[in-house]
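Participant: Provided herewith is a single structure, encoded as structure tokens, for subsequent inquiry.
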Amino acid sequence: MPSVRALLLLLALAEAKSGHWWETEVMYQIYPRSFQDSNGDGTGDLKGIEQRLPYLKELGVGFLWLSPVMKSPMMDFGYDIADFHAVDPLFGSMQDMKDLIAAAEKLGIKLLMDFVPNHSSNASEWFKESRSSKTSPKRDWYMWHPGVVVDGERRPPNNWASNFGGGLGSSWTWDEKTEEYYYHAFGEFQPDLNYRNPEVVEAMKEVLRFWLDLGVGGFRIDAVPFLLEDPELRDEAFDAACAKTQPIWNCMVHNYTQNDPKNHEIIQGWRETVDQYGERVIFGEIYAPLKDLMEYYGTPEKPEFNVPFNFEVLGQNYGQPNDLSVAKVVRDAVRSYAEALPDWCHGNWVLGNHDNHRLMQRLRNNTRLATTVYAFFNLLPGTPVVYQGDEIAQRDLFIPYSLCRDPMCLKNPEMFATTGRDPERTPMQWTPGFQSGFSTSNRTWLPVNPDHVTVNVETEAKASTSPLSVMRSTLAWRSRHPTLSLGSITEVPGDLGQLNQDLVVAKYTMGDETTTAATVANWNPSQVLSVDLQALLEASKVQLAFSTASREEVDVKGLTLAPGEVVVVTYTSGKVLVPIIA
């Protein structure tokens with residue numbers, strides 16, 4: 001029999017026809033170092049973000065995910081946290097954070113912190129105390145092991161490799177002071193916390209409470225699959241042939257270092273903590289097969305993430321993203337995700353982030369196609385996630401090894417162009433002027449892309465067909481029709497005939513449960529395309545709800561889509577949407 005908590009949750013779901021804010025609004029990821037520099041030191045900061053809030057409001061954004069701004073040595077640019085309760089001076093002060101939260105709230109924008117629970121910095125007081133002696137009260141807050149002796153030589157206890165590069169066993173680093181190895185799934189400066197220790201579990205819940213008390217809307221939670229490891233420390237399978245062209249970590253089967261079944265108990269505890277604060281949310285970063293991903297929603301009785309990020313479209317294999325220039329790849333990814341999503345769960349669409357080459361790079365810098373891709377996914381049920389700069393079709397900038405800042409570049413010199421993440425992290429391009437309006441400094445932390453003279457917010461805001469203008473129009477339409485976000489995809493046709501291979505169609509029921517709609521896109525950026533909507537929708541009367549092109553009506557038997565055009569059409573037995581043209 002369902003528990004009282006489960007019944008209350010189901011009742012809340014039934015009553016939430018208007019949707020939670022994190023369901024109906026659009027998420028925008030900010031990489032703070034690269035968003036806006038307010039003090040001229042060449043690095044973005046909190047005051048810079050506050051200055052740009054009106055732009056984000058006009059864009060149509062409802063909540064922001066900030067990549068880490070907590071105190072850190074910045075070996076991994078904030079993903080190596082030394083103090084979970086402090087703002088790093090590079091970004092400003094705690095008062096600056098409070099000011100940002102308040103300013104965002106006035107504009108109706110929520111703020112999500114990046115919570116990095118898997119590990120701390122080796123400069124944290126927790127780790128310093130842990131490595132001070134084998135009898136330290138915090139010794140068991142991290143994973144320590146004496147190693148094994150083979151042929152008279154001491155070695156790591158197993159072959160687990162670091163995600164940041166290195167050979168077999170590279171996820172273990174020897175500590176001279178206490179003469180034991182400590183485990184780190186990522187860099188040696190990021191020792192893993194031990195979640196089999198209840199004190200660690202409670203300490204991290206307290207971190208959540210600290211930021212929730214400050215007024216944040218919730219968290220994006222980093223590197224979720226890595227929380228627990230096999231207590232028996234068994235070796236992972238390794239493909240030596242793969243390692244000739246790929247980093248070692250990419251060539252291992254991570255069945256002993258990822259997605260431990262007990263991860264779910266930890267996340268349930270985080271969800272219970274966050275739910276005590278009312279309308280707050282947790283999003284989870286989980287690169288995993290769809291079956292494993294969906295388990296991170298939990299159940300109605302024991303919920304976990306409100307939304308685990310959907311990387312099915314972006315691509316699950318790091319360094320090998322999906323080719324989204326191919327319509328069939330998109331159709332298959334959307335269909336697979338929609339079919340796997342449980343009925344009671346809310347979906348989302350991720351097209352880029354700070355860890356993957358930008359969408360433009362993956363589309364071979366085809367601006368029109370990038371505009372189409374974002375427009376299509378912005379007009380589907382679920383929550384869209386926009387990575388800063390993608391709204392202007394910002395491009396990667398090649399960063400030579402000599403200028404690398406990212407540890408995944410520095411630790412993989414022979415493969416840095418594949419593994420390095422600096423190219424997608426260059427500063428936001430605001431204007432065609434000096435340093436693109438990002439900074440007044442002659443030198444920024446990463447160089448500004450020279451193409452900012454044409455690819456920038458100021459220039460694109462003046463052009464009605466620019467990526468920025470199309471993004472604004474799609475998000476504005478979406479905002480006026482929140483039932484889109486709450487809908488359910490019912491069909492993504494696969495066999496559309498030889499003449500329609502560049503067509504992508506998603507059919508769905510809107511959140512009002514009476515309106516059937518379809519988002520239809522011409523994935524070809526240079527040719528027109530025709531489609532018989534009458535056959536697709538099984539309706540004689542179809543109403544145009546939205547178009548990224550200039551049109552006023554739809555011919556249901558012969559809709560001709562302009563190159564790259566995206567339309568939303570509806571038919572309903574109840575309320576009919578008023579036609580709105582972009």
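For (1) of a type in the set (S, T, N, Q); (2) under 21 Å from N39 (Cβ atoms); (3) at pLDDT 95 or above; (4) open to solvent by less than 30 Å² (accessible area, probe 1.4 Å), each residue gets a yes or a no:
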residue	(1), (2), (3), (4)
R421	no, no, yes, yes
P427	no, yes, yes, yes
N442	yes, yes, yes, no
T454	yes, no, yes, no
E460	no, no, yes, yes
V470	no, no, yes, yes
T474	yes, no, yes, yes
W477	no, no, yes, yes
G487	no, no, yes, yes
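Participant: Okay, moving on. Taking segment 424-437, which residues are part of a loop (DSSP other than H, G, I, E, B) and over 16 Å from R405 (Cβ atoms)? Write out each step before concluding.
Facilitator: Filtering segment 424-437 down to residues part of a loop (DSSP other than H, G, I, E, B) leaves 426-433.
Selection gives M428, Q429, W430, T431, P432, G433.
Participant: Which of the residues spanning segment 464-505 are among the acidic types (D, E) and either under 16 Å from A549 (Cβ atoms) or not in a strand (DSSP E or B) (or both)? Before you say what the answer is, go through the steps one by one.
Facilitator: Kept after step one, since they are among the acidic types (D, E), are these residues of segment 464-505: 491, 495, 502.
Result: D495, D502.
Participant: So in segment 171-207, with the set limited to residues that are under 25 Å from R405 (Cβ atoms) and out of contact with any Asp or Glu (no Cβ under 8 Å at 6 or more places or on another chain), which one is surrounded by the fewest Cβ atoms within 10 Å (Cβ to Cβ)?
Facilitator: Per the stated criteria, the residue is E188.
Participant: Looking at F238, F226, F219, which is the one that is open to solvent by 50 Å² or more (accessible area, probe 1.4 Å), touching a residue at least 60 places away in the same chain (Cβ under 8 Å) and either among the aromatic types (F, W, Y) or in contact with a strand residue (DSSP E or B) (Cβ under 9 Å, 6 or more places away or on another chain) (or both)? Steps first, please.
Facilitator: Working: F226 fails: open to solvent by 50 Å² or more (accessible area, probe 1.4 Å); F219 fails: open to solvent by 50 Å² or more (accessible area, probe 1.4 Å).
Result of the check over F238, F226, F219: F238.
Participant: Residue check, S67 against (1) crowded, with 21+ Cβ neighbours inside 10 Å; (2) of a type in the set (G, A, S); (3) in contact with a strand residue (DSSP E or B) (Cβ under 8 Å, 6 or more places away or on another chain); (4) more than 26 Å from S479 (Cα to Cα), all met but one. Which one?
Facilitator: If we test S67 against (1) crowded, with 21+ Cβ neighbours inside 10 Å; (2) of a type in the set (G, A, S); (3) in contact with a strand residue (DSSP E or B) (Cβ under 8 Å, 6 or more places away or on another chain); (4) more than 26 Å from S479 (Cα to Cα), just (4) comes out false.
Yes/no matrix, rows are residues, columns are (1) open to solvent by 10 Å² or more (accessible area, probe 1.4 Å); (2) over 16 Å from the mean Cα position of the chain (by Cα); (3) under 30 Å from N194 (Cβ atoms):
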{"position": "Y296", "(1), (2), (3)": "no, no, yes"}
{"position": "E304", "(1), (2), (3)": "no, yes, yes"}
{"position": "E312", "(1), (2), (3)": "yes, no, no"}
{"position": "Q316", "(1), (2), (3)": "yes, no, yes"}
{"position": "A327", "(1), (2), (3)": "no, yes, no"}
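Participant: Also, quick follow-up: Name every residue in segment 247-271 that is within 26 Å of N159 (Cα to Cα) and among the acidic types (D, E), in order of residue number.
Facilitator: Correct list: D260 only.
Participant: What number of residues within segment 506-523 are in a loop (DSSP other than H, G, I, E, B), more than 26 Å from P563 (Cα to Cα) and touching a residue at least 40 places away in the same chain (Cβ under 8 Å)? Even if it seems obvious, please write down each step before you answer.
Facilitator: We begin by selecting, within segment 506-523, every residue in a loop (DSSP other than H, G, I, E, B); these are 510-514, 523.
Applying the additional criterion that residues be more than 26 Å from P563 (Cα to Cα) yields 510-514.
With the extra rule that they be touching a residue at least 40 places away in the same chain (Cβ under 8 Å), the set shrinks to 510-512, 514.
Within segment 506-523, residues that are in a loop (DSSP other than H, G, I, E, B), more than 26 Å from P563 (Cα to Cα) and touching a residue at least 40 places away in the same chain (Cβ under 8 Å) number 4.
Participant: Between a residue in segment 409-426 that is on the phi > 0 side of the Ramachandran plot and any residue that is part of a helix (DSSP H, G or I) and among the polar types (S, T, N, Q), which pairs come within a Cβ distance under 8 Å, given they are 6 or more apart or on different chains?
Facilitator: Within 8 Å, no pair qualifies.
Participant: Out of segment 427-440, which residues are of a type in the set (S, T, Y) and in contact (Cβ under 8 Å) with a residue 24 or more places away in the chain? Reasoning before the result, please.
Facilitator: At the first step, the residues of segment 427-440 found to be of a type in the set (S, T, Y) are 431, 436, 439-440.
Answer for segment 427-440, where residues must be of a type in the set (S, T, Y) and in contact (Cβ under 8 Å) with a residue 24 or more places away in the chain: T431, S439, T440.
Participant: State yes or no: is N365 part of a loop (DSSP other than H, G, I, E, B), on the phi > 0 side of the Ramachandran plot and of a type in the set (S, T, N, Q)? Give the derivation first.
Facilitator: Details: part of a loop (DSSP other than H, G, I, E, B): yes; on the phi > 0 side of the Ramachandran plot: yes; of a type in the set (S, T, N, Q): yes.
For N365, the condition - part of a loop (DSSP other than H, G, I, E, B), on the phi > 0 side of the Ramachandran plot and of a type in the set (S, T, N, Q) - is met.
Participant: Then there is this: Given (1) of a type in the set (G, A, S); (2) surrounded by fewer than 22 Cβ atoms within 10 Å (Cβ to Cβ); (3) modelled with pLDDT of 95 or more, where does A16 come up short, assuming only one miss?
Facilitator: A16 satisfies every listed condition except (3).
Participant: For segment 398-410, which positions are in a loop (DSSP other than H, G, I, E, B) and open to solvent by 30 Å² or more (accessible area, probe 1.4 Å)?
Facilitator: Across segment 398-410, the qualifying residues are F398, P400, R405.
Participant: Looking only at residues in segment 331-362 that are in contact with a helix residue (DSSP H, G or I) (Cβ under 8 Å, 6 or more places away or on another chain) and outside any loop (DSSP other than H, G, I, E, B), which one is surrounded by the fewest Cβ atoms within 10 Å (Cβ to Cβ)?
Facilitator: For segment 331-362, the residue satisfying everything is S336.
Participant: Name the single residue that is farthest from N163 (Cα to Cα) among those in segment 411-423 being outside any loop (DSSP other than H, G, I, E, B) and in contact with a Phe, Trp or Tyr (Cβ under 8 Å, 6 or more places away or on another chain).
Facilitator: Step one: of segment 411-423, the residues outside any loop (DSSP other than H, G, I, E, B) are 416-419, 422-423.
If we keep only those that are in contact with a Phe, Trp or Tyr (Cβ under 8 Å, 6 or more places away or on another chain) as well, we get 416-417, 423.
Details: F416: 14, A417: 16, P423: 19 Å.
For segment 411-423, the residue satisfying everything is P423.
Participant: Of the residues that sit in segment 246-261 and are open to solvent by 30 Å² or more (accessible area, probe 1.4 Å) and in contact (Cβ under 8 Å) with a residue 40 or more places away in the chain, which one is farthest from E414 (Cα to Cα)?
Facilitator: Restricting to residues being open to solvent by 30 Å² or more (accessible area, probe 1.4 Å) and in contact (Cβ under 8 Å) with a residue 40 or more places away in the chain, the top hit is Y256.
Participant: Determine which single condition V149 fails, assuming it passes every other condition in (1) assigned to a loop (DSSP other than H, G, I, E, B); (2) open to solvent by 20 Å² or more (accessible area, probe 1.4 Å); (3) not polar (S, T, N, Q).
Facilitator: (1)
Participant: Considering T519, T515, T560, T570, which residue is out of contact with any Ser or Thr (no Cβ under 8 Å at 6 or more places or on another chain) and of a type in the set (V, I, T)? Lay out the reasoning, then the answer.
Facilitator: Numbers: T515 fails: out of contact with any Ser or Thr (no Cβ under 8 Å at 6 or more places or on another chain); T560 fails: out of contact with any Ser or Thr (no Cβ under 8 Å at 6 or more places or on another chain); T570 fails: out of contact with any Ser or Thr (no Cβ under 8 Å at 6 or more places or on another chain).
Answer to the selection: T519.
Participant: Suppose the filter is in contact (Cβ under 8 Å) with a residue 12 or more places away in the chain and over 20 Å from S171 (Cα atoms); does A123 pass it? Break it down stepwise before answering.
Facilitator: Numbers: in contact (Cβ under 8 Å) with a residue 12 or more places away in the chain: yes; over 20 Å from S171 (Cα atoms): no.
No: the conditions fail for A123.
Participant: Still on this structure: Identify, from the list I282, I266, I286, the residue that is open to solvent by 10 Å² or more (accessible area, probe 1.4 Å) and either of a type in the set (A, V, I, L, M, F, W, C) or assigned to a helix (DSSP H, G or I) (or both).
Facilitator: Numbers: I282 fails: open to solvent by 10 Å² or more (accessible area, probe 1.4 Å); I286 fails: open to solvent by 10 Å² or more (accessible area, probe 1.4 Å).
Step by step, each of I282, I266, I286 is checked, and only I266 is open to solvent by 10 Å² or more (accessible area, probe 1.4 Å) and either of a type in the set (A, V, I, L, M, F, W, C) or assigned to a helix (DSSP H, G or I) (or both).
Participant: Can you name the strands (runs of 3 or more DSSP E) wholly within segment 50-129 that have at least 1 residues being more than 23 Å from E424 (Cα to Cα) and out of contact with any Ser or Thr (no Cβ under 7 Å at 6 or more places or on another chain)? Walk me through it before giving the result.
Facilitator: Values: elements: 63-66, 83-87, 110-115.
Fully inside segment 50-129 and qualifying: 83-87, 110-115.
Participant: Check whether at least one residue in segment 155-170 is of a type in the set (S, T, N, Q), touching a helix residue (DSSP H, G or I) at 6+ places or on another chain (Cβ under 6 Å) and open to solvent by 10 Å² or more (accessible area, probe 1.4 Å), and report yes or no. Don't jump to the end; show me each part of the working.
Facilitator: Residues of segment 155-170 that are of a type in the set (S, T, N, Q), as a first pass: 158-159, 162-163, 170.
This time we only want the ones that are touching a helix residue (DSSP H, G or I) at 6+ places or on another chain (Cβ under 6 Å), so: 163.
With open to solvent by 10 Å² or more (accessible area, probe 1.4 Å) added as a condition, the list becomes 163.
Yes: segment 155-170 contains one or more residues that are of a type in the set (S, T, N, Q), touching a helix residue (DSSP H, G or I) at 6+ places or on another chain (Cβ under 6 Å) and open to solvent by 10 Å² or more (accessible area, probe 1.4 Å).
The values are calculated or read from the model by the stated rules, or taken from the named source; none is laboratory data. Predicted model, so just to flag it, every value in this text is computed and none were measured. Neighbour counts run over all protein chains shown; Cβ positions are idealised from the backbone, glycine included. All accessible areas refer to the heavy atoms of the entire protein, side chains included, with ligands and DNA or RNA removed. Shrake-Rupley method; radii C 1.70, N 1.55, O 1.52, S 1.80 Å.
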